[in-house]
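A short worksheet on the structure shown next.
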Amino acid sequence: MSKNHDKRGGKLDFSSIHRFNQLQEMREGDVEIYHYFDAEPGGVTLHAHDFYELYCILDGKMNYYAAGHSFALEPGALLLIAPGEMHRPVTEGPPRAYERIVLWMKPGFVSSLRGLFPRELQAFDGKYRGSPLIAPDGETYPVLLSLLKALLYENERTEAFDSPLLRRLIAAELLVRLSRILRQRPDRPVRVDARYADMIKVYEYINSNYQQKIDVNHLSDHFFMDRNTLTRQFRRIIGLTPGEYLRRRRLQEAYDLIQRGYGVLDAGYKCGFGDYSAFYRAFRQAYGIAPSQLAKHTEGRNEGGGGGKDE
C-alpha cells in the first residue's frame, strides 16, 4: 500500500502499485491507468504512442522531454502528451524512486466524447497541440487528483461488471475539466528546443532505416558529425546510444510482427537481424521470453499466426 502526502492534493492512499509496463502499449480497452512507485524514468527512451498519455507526479521532481522541449514536472502539475508526440522522462543525479500516476486514453474514445460534448471538449478538436504542461490552480488540482484516484479504484475492482463503464464516465469528466483549463490559458505554441533538433533527425533516420545495415559510422558520415560527439549527444537526448536504440527499435518491430502472425525467423530477418541466434538472445533478454513462446501465445489467442523454432 502506498501512503503519500501531496503538497496540494492532500493525503493519497491507493491500494496497489503496478509493475511498470515495459512495452508501453495499450491492451485493455479505451482507458488504462497505472500507479507506479519505482525508478522507471531511467532507461525509458524517446518514444511516441498512438494514444493520449496523462502523466501526474505524486512524489519527486523530474525533467520531461515532450513536444520538442524540456519541462520541469513536480507535484501540482500534469503533462498531457498527444498521440504521436515524442517524449521521455529525463532524470539527473543518483537513482531514486518516483511515485506517479499514468493514464492512457485511446484517440477513438476521446473522439467519441467530442461528438457528445463538442463545446465542453473543444480543446481536443483534432489532434491536441500546444504546450503539454498543465498547471491547474490550487482548487482544481485536488479535483483532478481525486478523479485519477477514482479511476485507480475502479481499475482494481475487476470483479465489478460496471467498472469499465464507470472508468469511461470518470475519464470523461477528467477530460472536460482538462479541456476547461486548456481553453482558458493563453495559446502559446511550444518552440522546439534547438539543442534537441539534430538528435531528433538522427532518431527519425534510424526509425525509417532500421531494416538496413546501419551503424554509428554510417550515421556519422550521413550527418557529418564526429562519431563520438554523435554518440554522446544521442545518448544524452534519447537515453541510449545509437546502436542500443537501433537494436531496441528492431526488437519492438519484431515483437509486433510476431503478434501479427509472422514466423519468428521472418520477423527477425525483416527487422534487420542478419543472424538468428543474435536475434534470439536479444529478444529473450529484452522481453524475458523466447520469440517462439510469443508466437505460440499469439496462435492460442488468435487461432493462427506464424510460429518458428528457437532451438
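Here, each number is a calculation from the coordinates, and none is a lab measurement. These numbers were taken from a predicted model, which means no experiment stands behind them. Because the Cβ atoms are built from the backbone with ideal geometry, glycine has one as well, and the counts that use them run over all protein chains shown.
With Cα atoms as the point set, the radius of gyration and Dmax of the range 175-302 evaluate to 19.2, 56 Å. Each label point was placed 7 Å from the Cα along the Cα-to-Cβ direction; for residue 45 and residue 139 their separation is 4.7 nm.
Working from label points 7 Å from Cα in the Cα-to-Cβ sense, the residue 17 to residue 180 distance is 3.4 nm. The three principal axes of the Cα atoms in the range 194-252 give end-to-end lengths of 28, 21, 16 Å, sorted in falling order. Packing here is the average count of other Cβ atoms within 10 Å per residue, and on that basis the peptides 51-62, 228-239, highest first, run 51-62, 228-239. Per-residue 3J(HN,Hα) values for the range 44-50, derived from phi via the Karplus relation 6.51 cos²θ - 1.76 cosθ + 1.60 with θ = phi - 60°, read 7, 8, 4, 7, 9, 10, 9 Hz in sequence order (x marks Gly and Pro). In order along the range 260-266, the phi-based Karplus estimate (6.51 cos²θ - 1.76 cosθ + 1.60, θ = phi - 60°) of 3J(HN,Hα) comes to 8, x, 5, x, 5, 5, 4 Hz; Gly and Pro are listed as x.
Coupling constants for the range 240-255 follow from the phi torsions by the Karplus curve (6.51 cos²θ - 1.76 cosθ + 1.60, θ = phi - 60°), and in residue order they are 9, 6, x, x, 5, 5, 4, 5, 5, 4, 5, 5, 4, 5, 5, 4 Hz; glycine and proline get x.
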